[in-house]
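The values are calculated or read from the model by the stated rules, or taken from the named source; none is laboratory data. These numbers come from a predicted model, not from an experiment. Please note: Cβ atoms are built from the backbone with ideal geometry, for glycine as well, and neighbour counts cover all protein chains shown.
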Amino acid sequence: MAASSHPPASGHAGAWPWLLQRVSATLLLFFVLAHLWIEHFMHVGARITYRTVLDRLLQGFYVFVDAGLLAVVVFHGLNGLRNVLVENTENPAAVRAVTTAMWVLGVATLAFGMDVLSPFLFGHPWFRL
Amino acid sequence: MGSDVLFQVMRYDPRRDVEPYWAEYPVAVDDGDTVLMGLMRIREDIDGSLAFRASCRSGICGSDGMVINGRSRLACKTQVAAVVSDRGRVVLEPLRNLRYVKDLVVDQTPFWQKFRRVEPYLMPEEPRSAAERPMVLPQAEFDRLSKASDCIFCEICYSECPINGVDRGFLGPQALIKAFRFEFDPRDDGAAARYAPLSNVEGAWRCRTTFNCTDSCPKGIPITEGIQRLKRKLVGELLSGMQPAYRTPMPVESPEETSS
Amino acid sequence: MTNTGKIPKVDQTTRYDVLVVGAGLAGLRAALAVDPQLSCVVLSKVYPVRSHSVAAQGGINAALDAEDQWQHHAFDTIKGSDYLADQDAAEFMCEDAQRAVYEMEHWGTLFSRRPDGRIAQRSFGGQGYPRACYAADKTGRALYQTLFERAVARRIAVFEEFFVLSLVVAERRVAGVLAIEIASGRLIAIPARAVIFATGGAGMMYARTTNPYIATGDGLAIAYRAGVPLKDMEFVQFHPTTLPGMNVLITEGARGEGAYLLNAEHDRFMGRYAPKLMEVAPRDIVSRAIETEILEGRGFADAYVHLDLRHLGDDLIRHRLSEIYDFAITYRGINPVRDPVPVQPGQHYIMGGIATGIEGQTELAGLYAAGECAAVSVHGANRLGANSLLDTLVFGRQAGLAASRFCREAGQGPPIPEQHWQGWADRLADLRSHAGRDHYAPIRRQLRATMTDSVGTFRDAKHLAAARATLRALRDAYAHAGVTDSGTVFNYDLLAFVETGFLLDVAATVVEGALLREESRGAHWRRDYPARDDEKFLKHFLFTWSAEGPVVGEAPVVVTHYQPKPRTY
């Protein structure tokens, strides 16, 4: 039978999560290696005290690595988790709900993480929890 | 004839049976005989009412895909001796992920609809001309296209793909490898027309690279690799801001005239 | 899908202008040539891509090179036919070949290429120039997929899995066809102004054949029963190289690339049969040579000889002969890179068919035929390799164009008279309700054995007469035979029963022609008449149906430029 032309499905859905998962994976590799290098090789033999940690966290590079690692881990993990959760559903509303939940969870995690770092950056915490 | 092998076949006639049941047939099998030869013997000598599709007998026409001892395969390319050892018998079921109709017959309609959805043909149609058009491609690239065009529409990848199992909307490996074959043909200019069906949640992005299609393809087509290349091409198109073109039916051509 | 459990009623569907039966290369090419203003539908008893066109391996001939000329191609074709081809038809086909090949390339066929990007060509049997264009050893599939894709693009309507039972004739012209929808068992009468048959061959009448289960001579038998004559039926091609057992085809392209045929004494025996062309002599000659070697005791134990590809090298075998590499390993466990491949001749093609003219027209107004089921005739007594794909594309298109012209000129066709389908409806109902009569399968098995044993490469009066008697007995047995499956849904048992009847009718014409043609020409070799006799037999036989058996008529062979000469290679 002649095929009827199929109604076009929604634009780029699917492309961004796929692309960003790969981008975040690449970044993850960089941040994890940087993290491991810093923790295990850059301060060999040094005593770890509150003071030394504070000194480190006052340097932009360390903050960048920590914040970046956090953001990338959260995105990569939650994007993957979303994939798993929507794997067996064909219901668009359910997919939207899961996506929203992941975003809320991700932003909250990021905010909490940044809150821990914030006293070192601004001299006082962002939030008073 | 050699020894007897037990064929255990799922049978069901929607007009007569409430539900599918197993039938067992002892079939005389020689060394090197295929499962299809056994099925033909059942139909000719034991029970003529057994329904299964078959045509070329040599793995080219793609008619006789079925689940043989738990995996989707072509009955004409599967030797009895190669599968009988694991269960001591040959167990035959219809292909998965397609609606069951009778005995070993499934309804292939969704498979063909999805194939048609990716606009699987070279675009645009060149104006008729008697001129030769040389096509120079690196040998590796030509081989890749040639391999992708080996697809015989047997539906085995569709039956083995777990995504097709959970998501009726997923285009499936066959439609995607077919799209790949045209998207990477240097003569083709149909990317915009195929963008909408390919780049969406039921298209290439639904593939989870389980490699079941590649593992099961009777023609040995590296389907997953093709789909991944397709994804990379689609991302490129996304980032370059491609505007999907929705295909209108082909314009009515003027009737051909007899040559000479 | 309807599963009412009752005997289904006949449906009258929409009227069509052009109805094509068969969705192989010839059928789809015909449908694509039909005027888009007309309504057109293709009927196929399988999904289109299951058609046997996809199994063609070696190539498609066309004189493309500047040094080559279509006239040379025409001469090779006519000489290959042992001068039985109608020369105007052969010339038409060869002249149109270049257009046909370039058209397929423009539509997307992935032909193998030369280093400069032009379409590659290889040597093929009986050709004086390497002019077989190819796509590795899967040329049929490459061409077929392109046409199929073109049909998808053009939204050509296809009734998939519809089995045609008969041609409806009224007021001395075609009125339509009667078919079964296989999925439901429903009888359906489809009125059409013109019908094109492109139903392929009838290899299933032989036990040793390269043909698929679906090649059961449907179109031949249906046209024959409707009173349309069949032509040249005694000419049956045996392909020299098939794998013993399943008789899976090993392409002539293998020999075109340089493979040797060796007997059990390691002798390259073709030197004694065709000293100039050796392995790439025409198929009739190579098949007889192999059979002779086997009969004279120089073959291997299970009636085969060796095809040796080893000197061609791993790379060539895997790239240009990839399918047969796979076949040899899958079906015989033999790696052709390391070991010679066993081969024996097997039925491959019928040169005969529905008698048509160059435009595909038949004696019946509104009926056209193209492809293997038609005899134009360009193949005469022996078809050259790589000419059949060309035949389907050239004459499929011709039939589509001619049918369109017919529709424009001939006005509305007659309606389908009720008595036409009532006979079939009663017959099918009777078969279904009397399941359990003697099964048709032994009849078909005996038919195949008889044809392979007595109507094969070598023939003689004694065996042919015995075969004729056997066929008559089988026809009587068939009249009382029945089926096991009384169902309606996908009743393949019932289809095979009807197909067996088709095969019996077609086989009768083959035997009749073989008996009458007391000479040896092309693929038809009589031990008792081992010479060609142009005096008496440079003519076509036409077979017309009668209740007693085929009635034989004659038609002259068209000779244009090439006077018959002795045929040596």
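Residue-by-condition table, conditions (1) within 14 Å of chain A (Cβ to nearest Cβ); (2) over 21 Å from C:Val152 (Cβ atoms); (3) not polar (S, T, N, Q):
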position	(1), (2), (3)
B:Arg117	yes, no, yes
B:Leu122	no, no, yes
B:Leu137	no, yes, yes
B:Glu155	no, no, yes
B:Lys178	yes, no, yes
B:Arg181	no, no, yes
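Of the set (1) modelled with pLDDT of 95 or more; (2) within 14 Å of another protein chain (Cβ to nearest Cβ), all apply to C:Arg432 but (1). When A:Pro125, A:Pro119 are checked against the criterion of being part of a loop (DSSP other than H, G, I, E, B), surrounded by 12 or more Cβ atoms within 10 Å (Cβ to Cβ) and out of contact with any strand residue (DSSP E or B) (no Cβ under 6 Å at 6 or more places or on another chain), a single residue qualifies: A:Pro125.
Given the options A:Val63, A:Val74, name the one that is part of a helix (DSSP H, G or I), closer than 30 Å to B:Pro162 by Cβ and under 22 Å from the mean Cα position of the chain (by Cα). Quick ask: steps written out before the conclusion?
Numbers: A:Val63 fails: closer than 30 Å to B:Pro162 by Cβ.
After ruling out the rest, the residue left standing is A:Val74.
Can you name every residue in segment C:108-137 that is over 17 Å from C:Arg383 (Cα atoms) and of a type in the set (Ser, Thr, Tyr)? If the condition is that a residue be over 17 Å from C:Arg383 (Cα atoms) and of a type in the set (Ser, Thr, Tyr), then C:Thr109, C:Ser112, C:Tyr134 are the ones that fit. In segment C:110-134, of all residues being of a type in the set (A, V, I, L, M, F, W, C) and in a loop (DSSP other than H, G, I, E, B), the one that is farthest from the other protein chains (Cβ to nearest Cβ) corresponds to C:Phe124. Of the residues in segment C:468-479, not one is crowded, with 20+ Cβ neighbours inside 10 Å and within 14 Å of another protein chain (Cβ to nearest Cβ).
Can you tell me which residue is farthest from C:Ala365 (Cα to Cα) among those in segment C:156-172 that are aliphatic (A, V, I, L, M) and in contact with a Pro (Cβ under 7 Å, 6 or more places away or on another chain)?
Let us first name the residues in segment C:156-172 that are aliphatic (A, V, I, L, M), namely C:156-158, C:164-165, C:167-170.
Imposing the further condition that a residue be in contact with a Pro (Cβ under 7 Å, 6 or more places away or on another chain) reduces the set to C:158, C:170.
Numbers: C:Val158: 24, C:Ala170: 10 Å.
Of everything passing the filter in segment C:156-172, C:Val158 is farthest from C:Ala365 (Cα to Cα).
All conditions but one from (1) acidic (Asp, Glu); (2) surrounded by fewer than 22 Cβ atoms within 10 Å (Cβ to Cβ); (3) modelled with pLDDT of 95 or more apply to C:Glu499; the one that does not is (2). Can you name the number of the only condition in (1) closer than 17 Å to C:Thr500 by Cβ; (2) small (Gly, Ala, Ser); (3) in contact with a strand residue (DSSP E or B) (Cβ under 9 Å, 6 or more places away or on another chain) that B:Gly70 fails? Every listed condition holds for B:Gly70 apart from (1).
Just need a number here: residues in segment C:323-354 that are touching a residue at least 60 places away in the same chain (Cβ under 8 Å), within 14 Å of chain B (Cβ to nearest Cβ) and farther than 22 Å from C:Met205 by Cβ. Show your work before the answer.
Of all residues in segment C:323-354, those touching a residue at least 60 places away in the same chain (Cβ under 8 Å) come to C:323-324, C:327-328, C:331-332, C:340-354.
Still in the list and also within 14 Å of chain B (Cβ to nearest Cβ): C:323-324, C:327-328, C:331-332, C:342, C:346-348.
Of the ones still in play, those that are also farther than 22 Å from C:Met205 by Cβ are C:323-324, C:327-328, C:331-332, C:342.
Summing the residues that are touching a residue at least 60 places away in the same chain (Cβ under 8 Å), within 14 Å of chain B (Cβ to nearest Cβ) and farther than 22 Å from C:Met205 by Cβ in segment C:323-354 gives 7.
Condition check: assigned to a loop (DSSP other than H, G, I, E, B) and within 24 Å of the chain's Cα centre (by Cα). Does C:Glu512 satisfy that? When the stated conditions are applied, C:Glu512 does not pass them. Taking the conditions (1) over 30 Å from the mean Cα position of the chain (by Cα); (2) assigned to a loop (DSSP other than H, G, I, E, B) in turn, C:Gly413 satisfies each one other than (1).
Residues of segment C:85-97 that are surrounded by fewer than 24 Cβ atoms within 10 Å (Cβ to Cβ) and out of contact with any helix residue (DSSP H, G or I) (no Cβ under 7 Å at 6 or more places or on another chain): C:Asp88, C:Phe92. Among residues of segment C:135-172 being β-branched (Val, Ile, Thr) and either in contact with a Lys or Arg (Cβ under 6 Å, 6 or more places away or on another chain) or not in a loop (DSSP other than H, G, I, E, B) (or both), the one that is farthest from C:Gly27 (Cα to Cα) is C:Val169.
Selection of first residues in segment C:526-540 that are in the same structural domain as C:Val455 (by TED's automatic domain parsing) and of second residues that are among the basic types (Lys, Arg) and surrounded by fewer than 12 Cβ atoms within 10 Å (Cβ to Cβ), restricted to Cβ pairs under 9 Å at least 6 apart or on distinct chains, gives the following pairs, ordered by first then second residue: C:Asp528/C:Lys462.
Here's the yes/no breakdown for (1) part of a loop (DSSP other than H, G, I, E, B); (2) at pLDDT 95 or above; (3) of a type in the set (Val, Ile, Thr):
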position: C:Ala264; (1), (2), (3): yes, yes, no
position: C:Asp267; (1), (2), (3): yes, yes, no
position: C:Met270; (1), (2), (3): no, yes, no
position: C:Val286; (1), (2), (3): no, yes, yes
position: C:Ala289; (1), (2), (3): no, yes, no
position: C:Ile294; (1), (2), (3): no, yes, yes
position: C:Arg298; (1), (2), (3): yes, yes, no
position: C:Leu307; (1), (2), (3): no, yes, no
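Screening C:Arg427, C:Arg405, C:Arg397, C:Arg332 for residues that are of a type in the set (D, E, K, R) and surrounded by 19 or more Cβ atoms within 10 Å (Cβ to Cβ) leaves exactly one candidate, C:Arg397. Residues that are facing chain B (nearest Cβ under 8 Å), polar (S, T, N, Q) and over 16 Å from the mean Cα position of the chain (by Cα) within segment C:33-51 comprise just one, C:Gln37.
Taken together, the residues in segment B:209-260 that are at pLDDT below 95 and in contact with a Cys (Cβ under 6 Å, 6 or more places away or on another chain) amount to 0. Being among the aromatic types (Phe, Trp, Tyr) and either buried (at least 20 other Cβ atoms within 10 Å of the Cβ) or outside any helix (DSSP H, G or I) (or both) is a property that does not hold for C:Phe75. Here C:His306 fulfils each of the conditions (1) on the phi < 0 side of the Ramachandran plot; (2) touching a strand residue (DSSP E or B) at 6+ places or on another chain (Cβ under 8 Å); (3) within 12 Å of chain B (Cβ to nearest Cβ) apart from (3). If you go through segment B:83-104 and keep only what is within 10 Å of chain C (Cβ to nearest Cβ) and either over 19 Å from B:Cys157 (Cβ atoms) or under 14 Å from the mean Cα position of the chain (by Cα) (or both), you end up with B:Val101, B:Lys102, B:Asp103. Over 21 Å from the mean Cα position of the chain (by Cα) and more than 20 Å from C:Thr392 (Cα to Cα) - does that describe any residue in segment C:135-146? No, there is no match, as no residue in segment C:135-146 is over 21 Å from the mean Cα position of the chain (by Cα) and more than 20 Å from C:Thr392 (Cα to Cα). Exactly one residue out of B:Arg57, B:Arg11, B:Arg43 is more than 30 Å from B:Leu198 (Cα to Cα), out of contact with any helix residue (DSSP H, G or I) (no Cβ under 8 Å at 6 or more places or on another chain) and either charged (D, E, K, R) or surrounded by 21 or more Cβ atoms within 10 Å (Cβ to Cβ) (or both): that is B:Arg11. Tell me which of these B:Val136 doesn't satisfy, since it passes every other one: (1) outside any helix (DSSP H, G or I); (2) within 13 Å of the chain's Cα centre (by Cα); (3) within 23 Å of C:Arg320 (Cα to Cα). All conditions pass for B:Val136, except number (2).
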